[in-house]
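Asker: Quick one: this structure, given as structure tokens, is what I'll be asking you about.
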């Protein structure tokens, strides 16, 4: 299933990268032809989209590589790293737009209002939202794909802003509408990007993934037959789609150990979406060997 998923994702990424690269070239050529600085700078910004899609794709490709003796988990974490890198790139790009917009708000510039700029921008909206739509289905359960989705949505919104402001300026001649709209859109995008940045940073630091409730898992394990104590419980993300768990459980008698292990591993996967469980049974609490101290609210 995982292989089939990555195969369909490869196709989606290829289409997305190709569409966006064509758009960058078209926009750059028209920017030169029309002597429009905004189109030229937007084409350079859209090149960061192509880069972001390539980063996500590479993250996906590496995360499906087979483990080796050197890298026993393979490159699973590459997908987390690429989501983090994308968040950083997107925040820097939006930061640049914010700085430019504030400068333009202080010194408004009259904008070239030609039909061709509109047509190029409309093409851009189709490309951006079209690519975002390709990733829509899988962005809810894969942070790496979510980073690609967010990047494309962000660009689509910025382009919508360009068209709305150009339309409003053509009626009012208020040139400050353009930078003001850019600032509003940038703040909205920064908000969602900050969440992506925070989530991916946490996963890189082996934090418990957001969709996992550690207390519920601990209660489930403590309520199992024959279990007297649960400690040294760790849950972390191996990739943007796979979660691992290790735990020490005190079980004085050794009856039905194998059956119980199979049951725990199966239920951790079905109930809590944990794919890799390593469970250690102990006869009694070996405090010397186990680091039990877990601080809350850190």
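The values are calculated or read from the model by the stated rules, or taken from the named source; none is laboratory data. These numbers were taken from a predicted model, which means no experiment stands behind them. Virtual Cβ from ideal backbone geometry, glycine too; neighbours counted across all protein chains shown.
Asker: Test residue 148 against the criterion of being in contact with a helix residue (DSSP H, G or I) (Cβ under 8 Å, 6 or more places away or on another chain), at pLDDT below 80 and crowded, with 18+ Cβ neighbours inside 10 Å, and give yes or no.
Answerer: no
Asker: So, one more: Within region 20-33, work out how many residues are under 26 Å from the mean Cα position of the chain (by Cα) and surrounded by fewer than 19 Cβ atoms within 10 Å (Cβ to Cβ).
Answerer: Within region 20-33, residues that are under 26 Å from the mean Cα position of the chain (by Cα) and surrounded by fewer than 19 Cβ atoms within 10 Å (Cβ to Cβ) number 2.
Asker: Go through the residues of region 254-264 one by one and say whether even a single one is surrounded by 16 or more Cβ atoms within 10 Å (Cβ to Cβ), at pLDDT 90 or above and either in contact with a strand residue (DSSP E or B) (Cβ under 6 Å, 6 or more places away or on another chain) or in a helix (DSSP H, G or I) (or both).
Answerer: Yes, region 254-264 contains a residue that is surrounded by 16 or more Cβ atoms within 10 Å (Cβ to Cβ), at pLDDT 90 or above and either in contact with a strand residue (DSSP E or B) (Cβ under 6 Å, 6 or more places away or on another chain) or in a helix (DSSP H, G or I) (or both).
Asker: On the basis of being surrounded by 16 or more Cβ atoms within 10 Å (Cβ to Cβ), out of contact with any strand residue (DSSP E or B) (no Cβ under 9 Å at 6 or more places or on another chain) and not assigned by TED's automatic domain parsing to the domain that holds residue 249, does residue 179 make the cut?
Answerer: Yes: the conditions hold for residue 179.
Asker: Looking at region 103-125, which of the residues that are modelled with pLDDT of 85 or more and surrounded by fewer than 14 Cβ atoms within 10 Å (Cβ to Cβ) is farthest from residue 40 (Cα to Cα)?
Answerer: Filtering region 103-125 for residues that are modelled with pLDDT of 85 or more and surrounded by fewer than 14 Cβ atoms within 10 Å (Cβ to Cβ), the one farthest from residue 40 (Cα to Cα) comes out as 106.
Asker: Further question: Taking region 243-252 on its own, how many of its residues are closer than 24 Å to residue 82 by Cα and surrounded by fewer than 18 Cβ atoms within 10 Å (Cβ to Cβ)?
Answerer: 0
Asker: Are any residues in region 51-84 surrounded by fewer than 19 Cβ atoms within 10 Å (Cβ to Cβ), in a helix (DSSP H, G or I) and at pLDDT 90 or above, and if so, which ones?
Answerer: Within region 51-84, 54, 58, 61, 62 meet the criteria.
Asker: In region 266-281, what count of residues is obtained for those that are part of a helix (DSSP H, G or I) and crowded, with 17+ Cβ neighbours inside 10 Å?
Answerer: 2
Asker: Condition check: on the phi > 0 side of the Ramachandran plot and out of contact with any helix residue (DSSP H, G or I) (no Cβ under 6 Å at 6 or more places or on another chain). Does residue 232 satisfy that?
Answerer: Considered against the rule, which asks whether it is on the phi > 0 side of the Ramachandran plot and out of contact with any helix residue (DSSP H, G or I) (no Cβ under 6 Å at 6 or more places or on another chain), residue 232 comes out as yes.
Asker: Consider region 208-239. How many of its residues are assigned to a loop (DSSP other than H, G, I, E, B) and touching a strand residue (DSSP E or B) at 6+ places or on another chain (Cβ under 7 Å)?
Answerer: Summing the residues that are assigned to a loop (DSSP other than H, G, I, E, B) and touching a strand residue (DSSP E or B) at 6+ places or on another chain (Cβ under 7 Å) in region 208-239 gives 6.
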